[in-house]
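What follows is calculated from the coordinates using simple rules that are stated; it is not laboratory data. Computed from a predicted structure; not experimentally measured. Every residue, glycine among them, receives a Cβ derived from its backbone with ideal geometry; neighbour counts consider all protein chains shown.
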Amino acid sequence: MSVSRDEFVKAFQFAWKRLQDNRGDQELLNAYDDDARWTDVVLGADVGLVCMALDRLNSAKAKTERLEFSKGWLFVDALYVSNDTIWGTEPQKHFYPTKLSVLIENENRKHWDTELWKLAHIKADLKVLIGYDFGSQNGFYPVFTDGLERDENC
């Protein structure tokens, strides 16, 4: 299902009004002063602003067209980035490199499909998936392969 800008804005405005009515301006202002509390107000599962907007969007759609809520799903395990930046010079603060050189995902368990999905959707010169052979009788060890050829069109 796709969502237009106007549909999202209307759903978000509806959710914000509902949030104000339920919590009141003073409670929202108090939450805003605490980053963790405010993040929960906006992104909290079921009762957060974003979930309420999603509920509003889904209420107008057939069940087969509904969207699901996912929070914090596309975290990247590690990156090697260029030291040429668009803006900023301190990697631990505000740092915007011009390119991602190496994207690294590590999967400790057997569910590497999510890690592979992330690698497929984020642009980087080299993408590395670290997985482990859990079938070895000598414990587990990293699995090394020659890798897949890159399609320049992706």
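Around Ala31, what is the net charge, scoring Lys/Arg as +1 and Asp/Glu as -1 over all other residues with Cβ under 12 Å from its Cβ? Intermediate values should be presented prior to the final figure.
Details: positive: Arg23, Arg37; negative: Asp25, Glu27, Asp33, Asp34, Asp35, Asp40.
Net charge in that neighbourhood comes out at -4.
Is there a pair in Lys10/Lys118; Lys61/Lys99; Lys61/Lys123; Lys17/Lys63; Lys10/Lys63; Lys10/Lys127 whose C-alpha atoms are over 28 Å apart, and which pairs would that be? Table pairs above 28 Å Cα-Cα are Lys10/Lys118; Lys61/Lys99; Lys61/Lys123; Lys10/Lys127.
If you take all other residues with their beta carbon under 11 Å from the beta carbon of Leu57, and give Lys and Arg +1 and Asp and Glu -1, the sum is +1.
Fully extending the segment from Glu68 to Ser2, taken as 0.36 nm per residue of separation minus the present Cα-Cα distance, adds 22.5 nm.
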